[in-house]
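This report refers to the structure that appears directly beneath it.
Each value in this text was obtained by applying a stated rule to the coordinates, not by laboratory testing. Not measured: the values here are computed from a predicted model. Cβ atoms come from the backbone with ideal geometry, glycine included; neighbour counts cover every protein chain shown.
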Amino acid sequence: MQGKIEDFGLPDIFRLIFSQGKSGSLNISSADYSTNFFFSEGRIVDVQPIQPVRDYSSVLGIMLRDAGYITDNELRRVLKVMEKGKGKKIGDVLVEHGIVPRDVVSKYLALQIRERLFDVLAYKTGRFKFEEFAVRPSSWGGEPIHPNDLITEGMRFLNEYPVFRRKFPPGDFVVIRKTGERVNTELFSDDERIVWTALMFFDEPTKVFRKACMTVYEGIKPLSALYDRGLVNIELGPSPRMEAGKKMRRLKAGAAVRAMLWVSVAAVVFPWLRKLLISPESVQFFTSWMRFFR
């Protein structure tokens, strides 16, 4: 099964695969992106943004890093392990090595599926191709996802998104929780409470939504509600926390360079100084000096 998106709507393609209980991969590609959705008996169990137009922001490891569950160094080490263990997915390595708990990896795989599905639902043109073969869900993947329910949610979020997004500046901006405000979080919706908590860790909207385990389409509505309540400030320009982090890294790098310079100086000076102090002339000088004070 293959064709053009404009000839056969994507929601209908997903529903057809589900209704027939098929297993395999559905590739959806546009001019800029290409994504594989994997089905097991009609339900979505995995997703893979693929090369050569891979959307790195939607890679599971990047999502977990942005949410603060792993560091850049940990991510690099995991990728090296994956290179050695052929066929292993990043979730396998993270869970087997105890780097990220199984339930967290499962939750973010579901987020990755939602994020890519909501994105492709916005495509007006492109191509699709379904290949049928047996797919075994990952042990850490959680419950297979019912595509019909997800499509209904996705279409609603896509329709609502422009309404809430226009409240914020175009382009990049940061969101700062106001300090000194007495806030009764019991009055918040569940989503507002989650986003409010995530704002304690990040001020860049993308990372706030990552921490909240929401797509941008899901997160913009509760963020808008917090803004309407007057609980957050919107600022243009780079994130103050990111700039502070860069400054700290520069300071650490400078300290490391200074330490290396001192070590280098010591390595050159110490042997020379030691040789000078134990030379016969030095010994005779210090002996004469001590006799003088007696």
For Tyr69, other-chain or 5+-apart residues with amide H closer than 5 Å (H placed, Pro excluded) are none
Could you tell me the largest-minus-smallest coordinate of the C-alpha atoms of region 167-236 on each of the three principal axes, in descending order and whole angstroms? 31, 23, 21
The set of residues whose placed amide H lies less than 5 Å from the amide H of Lys22, leaving out same-chain residues fewer than 5 positions away, is Gly42
Given C-alpha coordinates of region 2-162, what is the ratio Rg to Rh with the Kirkwood estimate of Rh? 0.97
Can you compute the equivalent ellipsoid semi-axes for region 101-194, i.e. the square root of 5 times each eigenvalue of the Cα gyration tensor, sorted largest first and rounded to whole Å? 32, 21, 12
R0 = 41 Å: FRET efficiency of Ser139 with Ala31, Cβ-based, nearest 0.05? 0.70
Give the peptides 20-32, 102-114 in descending order of average Cβ contacts within 10 Å, highest first. 102-114, 20-32
Across region 3-12, in residue order, what do the Karplus-derived ³J(HN,Hα) couplings come to in whole Hz, using 6.51 cos²θ - 1.76 cosθ + 1.60 with θ = phi - 60° and x for Gly and Pro? x, 9, 4, 5, 8, 9, x, 4, x, 5
